[in-house]
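Asker: Have a look at this one.
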Amino acid sequence: MANTFIDTARILVKSGAGGNGAVSFHREKYVAAGGPDGGDGGRGGDIILQVDDRMSTLMDFRYKRKYVAENGGNGAGKRCTGKDGAPLIIKVPRGTVIRDAETREIIQDMSGDEPFVLCRGGNGGWGNKHFATPTRQTPQFAKAGLPGKEKTVLLELKLLADVGLVGFPNVGKSTLLSVATKARPKIANYHFTTLFPNLGVVFVDEGVSFVMADIPGIIEGAAEGAGLGHDFLRHIDRCRLLIHIVDVSGSEGRDPVEDFEAICAELQEYSPELASRRMLVAANKVDILEDRSLLEKLKAHVEELGLPFFELSAASHQGVRELMKAAAGELAHLPPVIVYEPEYVERPPEVDTTQPLTIRHEDDVWIIEGPWLQKIMANVNFSNYESRNWFDRMLRSAGLFDQLEEMGIKDGDLVSMYNLDFEYQR
């Protein structure tokens, strides 16, 4: 399957969990009451996305669907901190859009060179060295590390091309790409020769060049999934300029105006914004034209719409240079290639708070632990006011504070929850 083009994938990613803090006491000959020296747990590894220009498809994600980063190491005695988990770097082709699998919101557009942290690893737990006070000199407890984050995402490849060639199958798009660039797409005289997009660089003049993409032939019904069009329409989303290739030779008994309107309708159905993109119309195969009226009819129709019209024969190179120069001229004053802005807002996790928490009272410290508490704390941003308020509401709705008061907690007692400590106030 060397020619298989994979442009979407669904994967599960999970960052590493933080290591647990250690409970340990200093032991040394002739040193009395050495005190606590339990080290902290290491931080879990992040899931990081990185662009790799050697990749052109999402083929690597066809069979491997789960990616898990390394957990942080546990703390140890002698104040030894656990080893941080190694980050897991996932390489993707340039132009890959990362979406939330549930909402389809854009999390990140991987079109630049900067790596992106998709999931941060869990923080390591504190060792008992942090809990020594003048009144509590031998703390017998430490904190567990927080779990990593888990997320299902969609990868969607959108080619980074300035110009997209659109039109029915077998109208000469691949031939034009091969003539105008050094690309070598497969070319044959039958429909759907192009089964995946091809890219090529067009050099127009000194310092003037652009990237052109040959998009697989669009047919009527493509926006609803017919033919190959639906799978590859996404690749013209980023194109600043469209070149609409129409076969005017009449060799297949088709009407050029009807073909032109059918493709425009499919673009409109798929994306009105895309259909409004600047377009050049090229009447191809004029060297084997059987009925001149077909060319004149298309030209009149296109010029009535206010679109630039070109005659060419890609096979004999006739008119190709003029068309490429016109495309470069249009690109000079068109906006740059679209980079999609993130629209994703991370949502609080859905947590079943009916499960009881473990509460231990050590001197004046109340240690609270439990799976659901771990889960929500891994998703709370304690520097954000709204996030802290949501956390407080979760604890109150679970009846935690009422339970602590029933157990005899006093104002000023220290409450310890994983990587959060605070003094209790009624």
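Asker: Over region 61-194, what relative contact order in percent results from Cα pairs under 8 Å that are six or more residues apart? Kindly include the intermediate steps, with their values, before the conclusion.
Answerer: Numbers: 159 pairs, mean separation 24.7, N = 134.
Relative contact order here is 18 percent.
Asker: Rolling a 1.4 angstrom probe over the protein heavy atoms, how many square angstrom per residue are accessible across the chain?
Answerer: Spelled out: the 1.4 Å probe surface of the chain, per residue, equals 49 Å².
Asker: Which of the trypsin sites (Lys or Arg not before Pro) found in region 54-147 are loop residues per DSSP with 10 or fewer other Cβ atoms within 10 Å of their Cβ? Walk me through the intermediate numbers first.
Answerer: Numbers: sites: Arg54, Arg62, Lys64, Arg65, Lys66, Lys78, Arg79, Lys83, Lys91, Arg94, Arg99, Arg104, Arg120, Lys129, Arg136, Lys143; in loops: Arg54, Arg62, Lys64, Arg65, Lys78, Arg79, Lys83, Arg94, Arg104, Arg120, Arg136, Lys143.
Filter output for region 54-147: Arg54, Lys64.
Asker: Let me ask something else about it. Pairs of Cα atoms under 8 Å, at least six residues apart: use those to get the relative contact order of the chain, whole percent.
Answerer: Here the relative contact order equals 14 percent.
Asker: Let me ask you something else. Could you tell me which GluC sites (Glu not before Pro) in region 53-106 are loop residues by DSSP with no more than 15 other beta carbons within 10 angstrom of their beta carbon? Let's see the in-between values first.
Answerer: On the way: sites: Glu70, Glu102, Glu105; in loops: Glu70, Glu102, Glu105.
In loop regions of region 53-106 (DSSP not H, G, I, E or B), the sparsely surrounded GluC sites (Glu not before Pro) are Glu102, Glu105.
Asker: Kirkwood hydrodynamic radius (Cα pairs, Å) of the chain?
Answerer: 25.9
Asker: Oh, and also: Out of the chymotrypsin sites (Phe, Trp or Tyr not before Pro) in region 311-393, which ones are loop residues according to DSSP with at most 11 other C-beta atoms within 10 Å?
Answerer: Hits after loop and neighbour filter: Phe382.
Asker: Out of the total accessible area of the chain (probe 1.4 Å, heavy atoms of protein only), what percent is carbon and sulfur?
Answerer: Looking at the chain in its full context, I get 48 percent from C and S.
Asker: Among bridges DSSP assigns within the chain, what percent are antiparallel (round to 5)?
Answerer: On the way: 39 of 67 bridges.
Among the beta bridges of the chain, antiparallel pairing accounts for roughly 60 percent.
Asker: If I take every Cα pair under 8 Å that is 6 or more residues apart in region 35-80, average their sequence separation and divide by the length, what percent do I get for the relative contact order?
Answerer: 72
Asker: Taking a 1.4 Å probe, which of Val117, Val204, Val345, Val68 shows the most accessible area, and what order do the others take after it? Walk me through the intermediate numbers first.
Answerer: Working: Val117 45, Val204 15, Val345 95, Val68 75 Å².
Largest to smallest exposure gives the sequence Val345, Val68, Val117, Val204.
The values are calculated or read from the model by the stated rules, or taken from the named source; none is laboratory data. What you see is a predicted model, and the numbers here were worked out from it, not measured in a lab. Counting neighbours? That spans all protein chains shown, and the Cβs are built from the backbone with ideal geometry, glycine included. Note: accessible area is taken over every heavy atom of the protein model, side chains too, but ligands, DNA and RNA are not part of it. Shrake-Rupley method; radii C 1.70, N 1.55, O 1.52, S 1.80 Å.
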